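Values quoted throughout were computed directly from the atomic coordinates according to the rules given, and no laboratory measurement underlies them. As the structure is a prediction and not an experimental result, all values here were calculated from the model. Every residue, glycine among them, receives a Cβ derived from its backbone with ideal geometry; neighbour counts consider all protein chains shown.
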Amino acid sequence: MDALPDEAAHRDAAARDAAGRRDRAVRAAVEQGLLDSEPLVCLLDTAGIRASAAALTGAFAAVTAPGTPVLHAFAAKAAPLVPVLRLLAECGLGCEVASPGELALARAAGIPAERTVLDSPAKTAGELREALALGIAVNADNHQELERLDVLVAAAPTRSPLGVRINTQTGAGAIDALSTATATAKFGIGLRDPGARERLVRACLDRPWLTRLHTHSGSQGLPLALIAQGVRELHTLAEEINAAAGRRQVDTLDIGGGLPVNFASDEETPTYAEYAAALRGAVPALFDGSYGLVTEFGRSLLAKHGTVLARVEYTKATGGRPIALTHAGVQVATRTVYAPAAWPLRVLAYDAKGAPKTGAPVAQDVAGPACFAGDLLATARELPELAPGDLIAVPDTGAYFFTAHYGYNSLLRPSVHGFAADAEGRVRFSRARPAQTTAQLVAEAGGAFRDALLQPDP
């Protein structure tokens, strides 16, 4: 979908503003000593996060009938940090969780139960019991889980809205691992399997408390048209169930998230407005007020607003290719290191004072600190030639990258700092997560149980 001229101009201006904020933050991080004791820090642009949240809520408000209940629940898995969840709650968002840990984070952030949604393909009876006691919305994954809910609902009344996840089986996007609406995807009840639709309608009619339908077709690599097709299938199913029930049993559609992210530049595209327009074109009745709506966006709210900032420790050349050895690698950019073709990232060069580095571009590898050959952020990437003491910045890493640390080589979790400019334009940092200490690492690795395995066999 082509942007209108004024929309394109707005995008360009927003991209320039984001890049300018990042440059100022890098310089300020150096000047304020963030890297004095840590060779790796991670930054979150709070102004950018607020802007994305406002774009999401505004895009849906513009196309939805007045009075329609709409909950935008941030997918906690994308950035499982309590301060992030708290910031988004202040912006009017709820939280989608998929584990006891994520639920604990949401509760620590003060997210109310009525603004929390629990999704997971493998919820235990204990997880379900807790959610029902708290009044958290639950989307069941399969028929066996519905039977488990039968017992729990009969045993104790609950105010939890209850739904069921549907796999519309509408097909895959460009990244198979993130395509959740394929014929054999593990999530939800397949809608196109023989007899599945009839069984599903019957399951809903037998459970008057089942008032929601949920779908999520995937995320990165999925075109808007395919996402919209899945939502259309969900709406059609809801209409079929309500017609069979002779009443409005299904009253809410949880349409998931999945807006792709542009990792090639600072431009945010596609936009939430384009996503809403695609849905309105494919499912006009979705926004007429007949159904409450729930969304579960994650990556698209946070990715563009995170930056990994790391020091270049050494440089060398092997086989004629320059290599910059840095402190940013698989532990903060796991997907890029293991699947670089699917998850390419930009790398930006700064000098030791935090100023953008200039000079003729040189093809060079940007390597991380882990002890395996594939720990590379970029291969033969053309950048001004890096030198020890320089900095690299890796943008677009605010979701699913440094927020979810990978502990290879027992590399320590880096600190995370939010940043914003004050009224005078000075950059102010707020620590959102401290760096992990070696003492904490040892404790987590069983340090208190050093001799536990030395006991003789019984």
* Structure fact -> Note on the chain: contact order normalised by length, alpha-carbon pairs under 8 Å, 6 or more apart, percent, works out to 17
* Structure fact -> By the mean-Cβ-within-10 Å protection proxy, highest first, 153-159, 85-91 rank as 85-91, 153-159
* Structure fact -> For the range 130-143, in residue order, the Karplus 3J(HN,Hα) values (coefficients 6.51, -1.76, 1.60; θ = phi - 60°; whole Hz; Gly and Pro = x) are 5, 4, 5, 5, 7, x, 7, 5, 10, 10, 6, 8, 7, 5
* **Karplus-derived HN-Hα couplings along the range 331-342 (A = 6.51, B = -1.76, C = 1.60, θ = phi - 60°), whole Hz, x at Gly and Pro** => 5, 10, 9, 4, 5, 5, 5, 8, 9, x, 5, 7
* Given R₀ = 25 Å, FRET efficiency for N262-A61 by Cβ-Cβ distance, to 0.05? -> 0.60
* Short version: ³J(HN,Hα) in whole Hz for each residue of the range 23-30, in order, from phi by Karplus 6.51 cos²θ - 1.76 cosθ + 1.60 (θ = phi - 60°), x for Gly and Pro, what are they? -> 4, 5, 5, 5, 4, 5, 4, 5
* To do: Please figure out what share of the DSSP beta bridges in the chain is antiparallel and state it in percent, rounded to the nearest 5.
  => 50
* Report, in degrees rounded to the nearest 10, the 0 to 90 angle that the Cα long axis of helix 272-282 makes with the longest principal axis of the chain. => 30
* Asked: Could you work out Rg/(2.2 N^0.38 Å) for the range 35-153, with Rg from alpha carbons only?
  -> 1.24
* To do: Count the net charge of all other residues whose Cβ sits under 14 Å from the Cβ of R321, scoring Lys and Arg as +1 and Asp and Glu as -1.
  => -1
* For A73, which sequence-distant residues (separation of 5 or more, or a different chain) have an amide H within less than 5 Å of its own amide H, given hydrogens modelled in the peptide plane? -> G94, T295, E296, F297
* Asked: If you take every DSSP beta bridge whose two residues both sit in the range 316-446, what share of them, in percent to the nearest 5, is antiparallel?
  -> 85
* Search the structure for amide H atoms under 5 Å from the amide H of A432, placed 1.01 Å from N in the peptide plane, and list their residues when 5 or more places away or on another chain. => V416, H417, G418
* To the nearest 0.05, how large is the calculated FRET efficiency for L441 and H10 if R₀ is 60 Å and r is the Cβ-Cβ distance? -> 0.85
* **Fully extended contour minus Cα-Cα distance, from A108 to R247, at 0.36 nm per residue** => 46.2 nm
* Pairs of lysines 8 or more apart, or on different chains, with alpha carbons under 24 Å: count those in the chain, would you? => 8
* Asked: If r is the Cβ-Cβ distance from R280 to E130 and R0 is 35 Å, what FRET efficiency results, to the nearest 0.05?
  -> 0.40
* Structure fact -> The local net charge around L191, scoring Lys/Arg +1 and Asp/Glu -1 for residues other than L191 whose Cβ lies under 10 Å from its Cβ, equals 0
* Rg/Rg_ref, the chain, where Rg_ref = 2.2 N^0.38 Å and atoms are Cα -> 1.05
* To do: Would you mind calculating the relative contact order of the range 75-169 from Cα pairs under 8 angstrom and at least 6 residues apart, reporting the percent as a whole number?
  => 22
* To do: Return the long-range amide H neighbours of H327 (sequence gap of 5 or more, or a different chain), with a cut-off of under 5 Å between placed amide H atoms.
  => R311, E313
* To do: Report, largest value first, the span of the C-alpha coordinates of the range 64-297 along each principal axis, in whole Å.
  => 52, 40, 37
* To do: Enter the Cα centre distance for the pair the range 389-458 and the range 234-304, rounded to the nearest angstrom.
  => 35
* To do: Take the alpha carbon gyration tensor of the range 11-98, find the square roots of its eigenvalues, order them as a ≥ b ≥ c, and report rounded if a/c is under 1.5; if not, report prolate when a/b exceeds b/c, else oblate.
  => oblate
* In the neighborhood of T438, defined by Cβ-to-Cβ distances under 15 Å, what is the net charge if each Lys or Arg adds +1 and each Asp or Glu adds -1? -> -1
* Asked: Direction-averaged shadow area of the convex hull around the Cα atoms of the range 337-421, nm²?
  -> 6.7
* Overall Cα dimensions of the range 1-54, principal axis frame, Å, largest first -> 47, 19, 16
* Please state the relative contact order of the range 64-297 as a whole percent: Cα pairs under 8 Å, 6+ residues apart? -> 19
